[in-house]
1. Go through segment 9-32 and give me each residue that's within 15 Å of LEU57 (Cα to Cα) and in a loop (DSSP other than H, G, I, E, B).
2. Does segment 66-89 contain any residue that is exposed (fewer than 14 other Cβ atoms within 10 Å of the Cβ) and among the aromatic types (Phe, Trp, Tyr)?
3. Given the structure, is ARG65 modelled with pLDDT of 95 or more and not in a loop (DSSP other than H, G, I, E, B)?
4. Only one of these conditions is not met by TRP50: (1) assigned to a helix (DSSP H, G or I); (2) in contact (Cβ under 8 Å) with a residue 24 or more places away in the chain; (3) out of contact with any Asp or Glu (no Cβ under 7 Å at 6 or more places or on another chain). Which number is it?
5. Within segment 35-58, how many residues are touching a helix residue (DSSP H, G or I) at 6+ places or on another chain (Cβ under 8 Å) and surrounded by 14 or more Cβ atoms within 10 Å (Cβ to Cβ)?
6. Working carefully through the options GLU71, GLU38, find the one that is closer than 17 Å to GLN104 by Cα, over 15 Å from the mean Cα position of the chain (by Cα) and assigned to a loop (DSSP other than H, G, I, E, B).
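The values are calculated or read from the model by the stated rules, or taken from the named source; none is laboratory data. Predicted, not measured: the structure shown is a model, and the values here were computed from it. Neighbour counts are summed over all protein chains in view; Cβ atoms, including those assigned to glycine, are modelled from backbone coordinates with ideal geometry.
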Amino acid sequence: MSGNTRSEKDKQVLAKLAEIEAEMKRIEFWTDDPVKSEVTNFMDAPSFEWWLQCVFLPNARKAARKGEYPEKSQVGLLALRQYDYHTYVEEAQQLLMLLNQFDQLVENS
């Protein structure tokens, strides 16, 4: 997609990403001045929250602006493992829901 010609899916994905960012800020999982790193894999990131903010969100926004999506998205599953598998993180449950909704948007055409 080029210019301002975005599909409904692109608009929905970008709106969901904005919700994810807002929720991260609300629950204080957002850092105003994150450490710079070349990490792309969440396993190598300083934290899952850092990876969401510095890798996932920018890459997902870029994909949505181009209308180019992977066949599968599992960021919700990664968040589930982070916030509700070994330990339950109450304040992250809304974020977990938003990330799962993102996965559904990406995987449905």
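1. Listed by number, the residues that qualify are PHE29, TRP30, THR31, ASP32.
2. The answer is yes, given that some residue of segment 66-89 is exposed (fewer than 14 other Cβ atoms within 10 Å of the Cβ) and among the aromatic types (Phe, Trp, Tyr).
3. Taking the combined requirement at face value, the residue satisfies it.
4. (2)
5. Number of matching residues: 11.
6. The conditions single out GLU71.
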